[in-house]
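Trainee: Dropping a structure here in structure tokens format, bear with me for questions.
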Amino acid sequence: MKGITRRILVLSAAAATVAAATVVPAPLAQARTGRLLSSQIGIQFNPDGDPGQCGGRTGEQWASAGNVTDVIRFDTDSRAGGCRLAFGLYDPQGELGGVSATYTFRATPGGDPAQCGNQGTHQLPITASRSFGAVIRIDTDNR
């Protein structure tokens, strides 16, 4: 489970990097629009099984450039269940046209692949409505 926790931290950092790389405009873009982009990165975080396994704020969260979402937490004790997590980019003005982003989720070498549901590389949707990409599942028992 420690491997999954590390991977989740890497995934969270990658999501933050995607937000920083695609939501914060370059100086030329700021000059052209005269304002910061209105795009936001979103996370959807919900329990699957015992709701105590997924702590912090659950549900849907959206954060614009320069802001962060509330903390989420995975409780990796012996209880059954897990947490479902998905990401999206909200772009109501179409300011990110032509941008493409993905996220990858997989078990670490030597880890139990059954702990990681929906492994693979997934497209991060960039849409004018708040929507999320493929849901990944983090099994939070003590394996």
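Trainee: Whole number in Å², please: accessible area per residue of the range 98-143, 1.4 Å probe, ligands, DNA and RNA not counted.
Mentor: I get 51 Å² per residue for this part.
Trainee: Here's something else I'd like to know. Summarise the accessible area of the range 45-143 (1.4 Å probe, protein heavy atoms) by the percent that is carbon and sulfur. Could the numbers behind the result be given before it?
Mentor: On the way: 2250 of 4850 Å².
On the range 45-143, the fraction of accessible area on carbon and sulfur atoms equals 46 percent.
Trainee: Sequence gap at least 6, Cα distance under 8 Å: using those rules, report the relative contact order of the range 45-143 to the nearest whole percent. Don't jump to the answer; show the numbers that get you there.
Mentor: Working: 206 pairs, mean separation 31.5, N = 99.
After rounding, I find 32 percent.
The values are calculated or read from the model by the stated rules, or taken from the named source; none is laboratory data. In this text the structure is predicted, and so the values were computed from the model without any measurement. Surface areas here come from the heavy atoms of the whole protein model, side chains and all, with no ligands, DNA or RNA. Shrake-Rupley method; radii C 1.70, N 1.55, O 1.52, S 1.80 Å.
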